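Let me begin by presenting the structure, written as structure tokens, before commenting on it.
The values are calculated or read from the model by the stated rules, or taken from the named source; none is laboratory data. Small disclaimer: the values here were computed from a predicted structure and weren't measured. Cβ coordinates were reconstructed from backbone atoms using ideal geometry, including for glycine residues, and neighbour counts include every protein chain displayed. Ligands, DNA and RNA are excluded from the accessible area calculation, which covers all protein heavy atoms including side chains. Shrake-Rupley method; radii C 1.70, N 1.55, O 1.52, S 1.80 Å.
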Amino acid sequence: MKTHIPSYMLDAFGAQGIDTGKLIYAIHTDLTSSGAGADVYTAVDDRAMYVLCGVEKVTRMDGARRIVALYEAMSLETYPLSELGELKSERLLSTGRLCGVQEDGDAKLLLVFSVGCLTFVERLIKAVNNIKEGRDPLFEVPVDDRLFCPKCGARYPEPDRKICPKCLDQIGITRRLMRFFGDYKARVALIIAVMLLGTVFSVLSPYIGTRLLLDEVLTEGGGYYGLVGAIVLVILAVRAIGVALQILYGYVLAKTVPWIVYDLKLKIFEAMQRLSVSFYTSKRTGALMNRVNNDANSIYWFFVDGMPYLVVNLFTFTGVILLMCILNFRLAIASLIIVPATIGLFRILWGVFRRFHHKDWVYRSQLNSMVSDSISGQRVIKAYAREDEESGRFSGVSGKQAGIDIRANNVGFTAFPLIYLLMFAGQVIVTVMGSMMVLRGEITLGTMLTFVAYLTMLYGPLEFMSWVSNWWARCVDAAQRVFEIIDAKPDVDEPESPVILSELKGDIEVRDAWFEYDPATPVLRGLSLTVEAGKMLGVAGKTGAGKSTLANLIARLYDVTGGAVEIDGVNVKKLSLAQLRGSVGIVSQDIYLFIGTIADNIRYAKPDSGIEDVIRAAKAASAHDFIMNLPDGYETRVGAGGQDLSGGEKQRLSIARTIIQNPKILILDEATAAMDTETEAAIQASLAKLQSGRTTISIAHRLSTLRDADSLAVIGEGKVVEIGTHAELMAKKGEYHKLYSIQMEGLKVINMDA
């Protein structure tokens, strides 16, 4: 069984006499039971849990990792799984603890750890529960997040990508890339065929123009003017055909390249669109932009401009060597003396350039992210006068990238002249040896000069290989990142056999829902509530209580980790995503307008809507008046470089966008938070008319906007703590009464100051 236990932990447990072959899972925490700093290894097998406490001592070693940890054990505790009871973790202020709780309520302290280790402790609990329940022990237990490659020991270049550049399956990636370009096999084959024909004529040129001319024509009594003219015409014909083939190659390439780039970028972008919201919250914008643009171009440059030339140069290299061997085998062997040294130098350059390109990509992604953040956060930057600091941050990363580029250029400027010197040394050897053979009458002058010409032609492919190593380094690195996107599985996916309701009514039931954005940090803790179709539910609670999370779960932007969310009695995980998303409209407090006209932004949820529908939705959202005052009305461009709208105006457009969708379920998540009282009252009146026939969930901090709801739910600590009408909750004098009273007192103070 694959355990995913680091070797340093296995060594430590093995030194204590534990059979490491049976260990299934292990974690590394950092505190003793008394709270003192230590290195605590906790492992489980199918019968017991082992807690090994000690101290790691780091020592330097040779090799890729360069450092290893030697473990000095202090104590070992063994707990049979049958006697552990139920494992429970508890988060305190800055630490956490793991306890085994017995049926009678007695709890045994097993581990104390800093709060940063809570994620790993939760994974250990899952593994133990899986063992007790007879499931696969590693079911739903993520692979551990070590920073070092388990195969070679090298540190991962990027902590969030457990990809080791040294251990990549380059052959597998190449095969997959070949399949990826299957749609263009005919065009690429045509490009290669044209180039091969051009190569044939190039290889024949030295033989015809040098050996035949010098040895067969320009010899005493061996030629006449007609034959000289014929040879010259043949040379011109060969050159003309070569030029024609080059023009044809350029034409075919120009017709092929743009479509390959287009198709590759489209496949990457489409794969990104299929991924869940959680994917984008864990990735930097710059890195994603790099994958769509730079990585696609890197793959293109190799497979369209690199691969054909690679095939042609290999063909040229083989053909030239064969012709040289036919002309004179001894001189051919002498010509090839420098080839192994040249190839060895290329192999070294391959690895060097690959490391440089990967580091360059990392810094380029960071710079893209910084530019994106700077553009989006200009208001904050200006408000806090942080322009110089932002420039300093950019300068620091840009300086690191410049350093990598300088080192790469220095390597290139040093290595390539050495290659050229090596090539020239080979040419000197052939010239000296060939001259001696000519003087002894072993070969003719034409043969020797042909050898020199062929040797020059032979060094061309070898020189090209240096650039192929450069291109290939970029391509493999880029391909790995592209395939990460294409292979990524969305957390929220379309069910295999989706349920499509003939008519979605809008009954909502959330039953014992649990959810966490980060492991072991639940936002919802068994939340349950029900909303009847056509009714309005108001949701109140403190910031961070889980109100917006509830909206995301109903729309299935995320999936619950426990419990269920049902619409019309069907679990949302079984419903068709298209029907679900088309039937649930969300007006969020986070507003985004796409680059385009105001009309396009309003009709985004329903692109086939006419201008009359757009205007009707805008009027319902109290947006029509301010739109008509803009320079081009509904055709005014907004978004990047467009009309700058206020927060309230953007929010009204967002409401209009949802209204035109005409959803059965309407979720208002702080929909009127950025509006003045008069505008808010107008929108509330419009929304009140729209509520007929649809289920509405209104989330708001301003409780006065929820007074007319059919029922109100107060959420606290991830649960529903109160539910009822406004009058009922005020009469209870509970959490809702407390929140409402605080707001009313605040309004009184504001009115008095005014």
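Sort out which residues of the stretch 27-57 are open to solvent by 10 Å² or more (accessible area, probe 1.4 Å) and either under 21 Å from Lys132 (Cβ atoms) or without any contact (Cβ under 8 Å) to a residue 12 or more places away in the chain (or both), and write them in order of number.
Correct list: Ala36, Gly37, Asp46, Arg47, Tyr50, Val51.
Looking only at residues that are of a type in the set (Asp, Glu) and not in a loop (DSSP other than H, G, I, E, B) in the stretch 606-621, which one is least open to solvent (accessible area, probe 1.4 Å)?
Asp613
Do you know which of the residues in the stretch 486-529 that are basic (Lys, Arg) and over 24 Å from the mean Cα position of the chain (by Cα) is surrounded by the most Cβ atoms within 10 Å (Cβ to Cβ)?
Among those that are basic (Lys, Arg) and over 24 Å from the mean Cα position of the chain (by Cα), it is Lys505.
Pick from Gln366, Gln378: which is out of contact with any helix residue (DSSP H, G or I) (no Cβ under 9 Å at 6 or more places or on another chain) and of a type in the set (S, T, N, Q)?
Of Gln366, Gln378, the one residue that is out of contact with any helix residue (DSSP H, G or I) (no Cβ under 9 Å at 6 or more places or on another chain) and of a type in the set (S, T, N, Q) is Gln378.
Taking the stretch 536-578 as the region of interest, how many residues are small (Gly, Ala, Ser), under 30 Å from Ile742 (Cα atoms) and in contact with a Leu (Cβ under 9 Å, 6 or more places away or on another chain)?
5
Can you tell me which residues in the stretch 622-650 are open to solvent by less than 30 Å² (accessible area, probe 1.4 Å), at pLDDT 85 or above and in a loop (DSSP other than H, G, I, E, B)?
Ala623, Leu630, Thr636
Can you tell me which residue is farthest from Gly100 (Cα to Cα) among those in the stretch 119-136 that are open to solvent by less than 10 Å² (accessible area, probe 1.4 Å) and among the hydrophobic types (A, V, I, L, M, F, W, C)?
Among those that are open to solvent by less than 10 Å² (accessible area, probe 1.4 Å) and among the hydrophobic types (A, V, I, L, M, F, W, C), it is Ala127.
Which condition from (1) more than 24 Å from Leu322 (Cβ to Cβ); (2) open to solvent by less than 60 Å² (accessible area, probe 1.4 Å); (3) outside the structural domain of Phe315 (by TED's automatic domain parsing) is the one that Met448 breaks?
Result: Met448 fails condition (1) only.
Let me spell it out: the conditions are (1) assigned to a helix (DSSP H, G or I); (2) in contact (Cβ under 8 Å) with a residue 60 or more places away in the chain, and Ile337 meets all of them except one. Which number is the exception?
(1)
Report whether or not Leu367 is at pLDDT below 80 and open to solvent by less than 60 Å² (accessible area, probe 1.4 Å).
No, not satisfied.
For the stretch 599-610, check the following and say yes or no: at least one residue is in contact (Cβ under 8 Å) with a residue 40 or more places away in the chain and touching a strand residue (DSSP E or B) at 6+ places or on another chain (Cβ under 6 Å).
Within the stretch 599-610, not a single residue is in contact (Cβ under 8 Å) with a residue 40 or more places away in the chain and touching a strand residue (DSSP E or B) at 6+ places or on another chain (Cβ under 6 Å).
Residue-by-condition table, conditions (1) in contact with a helix residue (DSSP H, G or I) (Cβ under 7 Å, 6 or more places away or on another chain); (2) outside any helix (DSSP H, G or I); (3) open to solvent by less than 40 Å² (accessible area, probe 1.4 Å):
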site: Val539; (1), (2), (3): yes, yes, yes
site: Gly544; (1), (2), (3): no, yes, no
site: Leu550; (1), (2), (3): no, no, yes
site: Tyr558; (1), (2), (3): yes, yes, yes
site: Val565; (1), (2), (3): yes, yes, yes
site: Lys573; (1), (2), (3): no, yes, no
site: Arg581; (1), (2), (3): no, no, no
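Scan the stretch 86-96 and give yes if some residue there is assigned to a strand (DSSP E or B), open to solvent by 60 Å² or more (accessible area, probe 1.4 Å) and within 15 Å of Val51 (Cβ to Cβ), otherwise no.
No: the stretch 86-96 contains no residue that is assigned to a strand (DSSP E or B), open to solvent by 60 Å² or more (accessible area, probe 1.4 Å) and within 15 Å of Val51 (Cβ to Cβ).
Specify which of the listed residues (Ile602, Ile595, Ile611, Ile591) is farther than 30 Å from Glu496 by Cα, in contact with a Gly (Cβ under 6 Å, 6 or more places away or on another chain) and either modelled with pLDDT under 90 or in the same structural domain as Ile665 (by TED's automatic domain parsing) (or both).
Among Ile602, Ile595, Ile611, Ile591, only Ile595 is farther than 30 Å from Glu496 by Cα, in contact with a Gly (Cβ under 6 Å, 6 or more places away or on another chain) and either modelled with pLDDT under 90 or in the same structural domain as Ile665 (by TED's automatic domain parsing) (or both).
Taking the stretch 193-206 as the search range and keeping residues that are open to solvent by 30 Å² or more (accessible area, probe 1.4 Å) and either at pLDDT 75 or above or hydroxyl-bearing (Ser, Thr, Tyr) (or both), which one is nearest to Asp263 (Cα to Cα)?
Ala193
Residue by residue, here is whether (1) among the acidic types (Asp, Glu); (2) part of a helix (DSSP H, G or I); (3) open to solvent by 40 Å² or more (accessible area, probe 1.4 Å); (4) assigned by TED's automatic domain parsing to the domain that holds Leu196 holds:
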position	(1), (2), (3), (4)
Thr342	no, yes, no, no
Val362	no, yes, no, no
Asp373	yes, yes, yes, no
Glu389	yes, yes, yes, no
Gly403	no, yes, no, no
Arg407	no, yes, yes, no
Ala415	no, yes, no, no
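Return the residues of the stretch 101-128 that are more than 32 Å from the chain's Cα centre (by Cα), free of Cβ contacts under 8 Å to residues at least 60 places away in the same chain and closer than 22 Å to Thr78 by Cβ; say none if nothing qualifies.
Those that are more than 32 Å from the chain's Cα centre (by Cα), free of Cβ contacts under 8 Å to residues at least 60 places away in the same chain and closer than 22 Å to Thr78 by Cβ: Val101, Gln102, Glu103, Asp106, Ala107, Lys108.
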